[in-house]
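Take a look at the structure set out below.
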Amino acid sequence: MTRRPSAAARLCVVGATLTLLAAASCERSSHTTSKLDRALREWIEHPTATARVLIRTRPGVSDRVIHRLTARGARWTASMPMPDLIAADVSVDALRGAVRDKDVIRVSSDAVVKSLGNGSFSNYLYQGIAPAVQLIEMKVLDKNGNGYTSDVINAINFVVQNRSRLHLGVINLSLGHPIYEPAASDPLVQAVENAVQAGIVVVVSAGNFGGDIATHEPAYAGITSPGNAPDAITVGALDTNQTVTRADDSVAWYSSRGPTWYDGFQKPDLVAPGSHLVSDVSIASTIYSNYPGGITWVGGKPFLRLSGTSMSAPVVSGVVAAMLDANRSNHPGAPLTPNAVKAILEFTALPLQNADALTQGAGALNAAGAIALAAAIDPSQPVGAWWLTKGIETWTTIAGQTLAWGQRVVWGDRVIWGNQIYTNDPAWALRVVWGDRVVWGDRVVWGNSTVWDGNPAVWGSRVVWGDILIGQTNGTTVTWGSLPGDVTANRVVWGDLQGLNIAPTSLSWGALERAVISSPGNLAVS
């Protein structure tokens, strides 16, 4: 049977399957290091030869800062496409000089990143969600699978600059590193936010730090950067047990839970199938050599079976591509905004029993419901107007079972109930930051916080990242970020999952993947 490319062939999904090799470090308060993220604060105390960094300067002075960095012995410097951002390889003396420089606002780690179809290769046995989509892969890694955060930022900026010429609609980022600083100063998060403000939907993996490797005991606050970007669609992993029915679905034990470090954001936004997913693989690739247990053969051709939120994110990206295509086909006048796409995904999601919002977000991905609702919306309608063009049934039938949509949107850390998605609400507009409640005015009545109202009793004593200090608690709420000097042990939130052994410089994501591959019932976590 010959397949005709649909209009979706004009929609490009930009993908990256990367994993950041990074280490968590304890917070230190010092005026000499206040401009540094916590990874660099650790490094400056125990420096190696040089460190790659991203330096944010005051507007219009980056050339002067580059000159001073060079004079202080920086091995190389380069201006980034983002305004007032510099990449550099610096010695500890040059880094200390940068911290003292009045033109420097912030210095972040240029963290090392490590790498981990249309279905015709398997005779359509393993077909993707959007098989007619045009994929553009942005290569940010070298032949050994290594790269830097600055490379990822450059790739995102390229997508933004070439969005119209290449018809780019979606960016998939299956990557993450421990959160070293608040989202407002994280360069990778800001690159994601900039892409969303340009009208591009950005889908990000939540991370694979949702539980103890040996016991699978749940752990919280394992969301990785840039999954803490407010406007990103952050995706956790769903285990479908390889069945069609949704009755036996559950959130995968490894799927990172919220809230996010420093900011306490509600994440993930939703969960999607991520366990034991199969796709084609190059026999010349490193991942093919490193994971022989995941290889499966179909018609004499090799495929790789993997698990992880890096698998879940592309599932959602494929659905988003189909949503944009369905909407554009019916209503070519104006595109759906990223906020509208995110709201549709959450509104149509299928809530899971026995899983809190910090674990599942709005619920499990409902591809059929999301595409149907997207097709019925006319984005060209005036702001505030009803934009549904036909009636919508708020349920989806899967495997003979009728499943009700959640019909809720998690805005920031508050749940919005009602039919706001049926109108062109100001909240769905471009450049409205997800979670900003000012835009709603008095149009909604806010419910309890998904993060703070009673929930610290659940997650506060089960925080991921080993014994790293992350916040201060009074028993009901947690203060994130910088702590006062009088903090005592009984007022500090510590992780009790020592088995993860995620302490400063102790464990790379690559090592974590190898640990998981040997676990019963799991092939790999990417």
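Straight-line reach from Lys139: taking Cα to Cα under 29 Å and skipping same-chain neighbours fewer than 8 places apart, the lysines in range are Lys114, Lys267, Lys301, Lys342.
Rank these for me by crowding, Trp440, Trp434, going from fewest to most other beta carbons within 10 Å. Mind showing how you got there, number by number?
Values: Trp440 17, Trp434 23.
Ordered by Cβ neighbours within 10 Å, fewest first: Trp440, Trp434.
Order the peptides 72-85, 181-194 from the highest to the lowest mean number of other Cβ atoms within 10 Å of their residues. Could you put the intermediate results ahead of the total?
Working: 72-85: 16.4, 181-194: 22.8.
Sorting 72-85, 181-194 by mean packing, highest first, produces 181-194, 72-85.
Counting every other Cβ atom within 10 Å of each residue's Cβ, Trp253, Trp261, Trp386, Trp297 order from fewest to most as Trp297, Trp386, Trp253, Trp261. This ranking places Arg64, Arg96 by how few other beta-carbon atoms lie within 10 Å of each, fewest first, which gives Arg64, Arg96.
For Glu346, neighbours were defined as the other residues whose beta-carbon sits under 12 Å from its Cβ, and their charges (Lys and Arg +1, Asp and Glu -1) total +1. Taking the average, over residues, of other Cβ atoms within 10 Å as the packing measure, peptides 404-416, 198-210 rank 198-210, 404-416 from highest down. Remark: spin-label model distance Arg58-Ala214 equals 5.4 nm, labels positioned 7 Å along the Cα→Cβ axis.
No lab work stands behind these numbers, since they all come straight from the coordinates. Owing to the predicted nature of the structure, the values given are computational and were not obtained by experimental measurement. Glycine also receives a Cβ, built like all others from the backbone with ideal geometry; neighbour counts cover every protein chain displayed.
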